[in-house]
Amino acid sequence: MEERQDTGRAHWGFLALFVGLGGYYLSSLVFTAVTADRFAEVDITDPPVLGPLLLLVFLPNVLLGLGPVVVSRLRGHGPERDFGLVPRLRDIKVGLACGGLSLLAAWVLGVVLLRINRDTGSSLEQIEALSGGQSVWLACAALFVFLGAPLTEELLTRGALWSALEHYKVPRYAILGLTALIFAFLHEESWRTISLFAQGLAIGAARMITGRVSASVVAHAANNLLPAVYLYVGAS
């Protein structure tokens with residue numbers, strides 16, 4: 001049985017969504033504007049080592065989750081009560097199962113998409129280059145990929161957006177599809193949109209089954225484990 005959160009307190013979900021997205025895109029624009037001239041003449045075969053500045057790349061992603069947290073504290077009953085962030089045993093079990101399904105979907109569709117479009121560059125490869133292979137910064141980046149990104153992205157999509165749609169009585173399978181679609185477009189990697197949508201469905205299934213965001217965070221973290229390991233081991 002799905003354990004639903006009290007959607008009566010999620011009328012502010014769309015506000016939390018727009019605050020999170022606004023912070024994400026605004027900080028991305030500022031970061032791009034500040035660094036555009038500095039790295040305009042960078043040789044991509046010998047990129048600069050940014051060290052701790054590498055972590056600024058993740059600032060926009062942090063703001064994705066910060067918006068829902070702030071609005072939840074101001075308008076709701078706090079992230080734990082509104083979203084169910086502390087995982088229970090069932091959340092972990094369901095999350096791991098859905099995370100495994102997401103990995104399978106990513107692998108199958110990834111093979112197909114790479115055959116169709118071989119000229120692709122991943123954000124992980126860019127992070128590797130900018131870190132210069134320095135393990136301490138790679139470790140921080142890998143940790144964020146594994147835990148930070150799942151938390152912030154799930155707070156936005158399966159937290160704020162899901163709760164808002166649920167509050168307005170949207171059918172749950174429609175919510176599953178809509179949140180997966182937003183999840184896919186949020187990554188801004190057009191060649192992987194189909195794969196990301198399938199992964200979003202698998203990760204969102206954990207939220208739908210348990211009614212708690214913690215389950216989808218676990219699923220998302222399980223999905224991101226291999227990319228995080230690849231980021232650290234592959235570059236160092």
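What follows is calculated from the coordinates using simple rules that are stated; it is not laboratory data. Source: prediction; values computed, not measured. Methodologically, a virtual Cβ is constructed for each residue, glycine included, from the backbone with ideal geometry; neighbour enumeration extends over all protein chains shown.
Before moving on, here are some points about what is shown:
- In this structure, Leu15 and Glu188 have a Cβ-Cβ separation that, at R0 = 22 Å, corresponds to a calculated FRET efficiency of about 0.40.
- Cβ-derived FRET efficiency at R0 25 Å, Arg81 paired with Leu56, nearest 0.05: 0.20
- Fewest-first ordering of Arg207, Arg158, Arg73 by other beta carbons within 10 Å of each residue's beta carbon gives Arg73, Arg158, Arg207.
- The simple Förster model, with R0 at 30 Å and r as the Cβ-Cβ distance, assigns Ala174 and Val229 a FRET efficiency of 0.30.
- Ranking of His77, His220 by count of other Cβ atoms within 10 Å, fewest first: His77, His220
- Chymotrypsin sites (Phe, Trp or Tyr not before Pro) within the range 168-217, DSSP loop, no more than 16 other Cβ atoms inside 10 Å: Tyr168
- Inter-label distance, Leu96 to Phe31: 3.2 nm, where each label sits 7 Å from its Cα along the C-beta direction.
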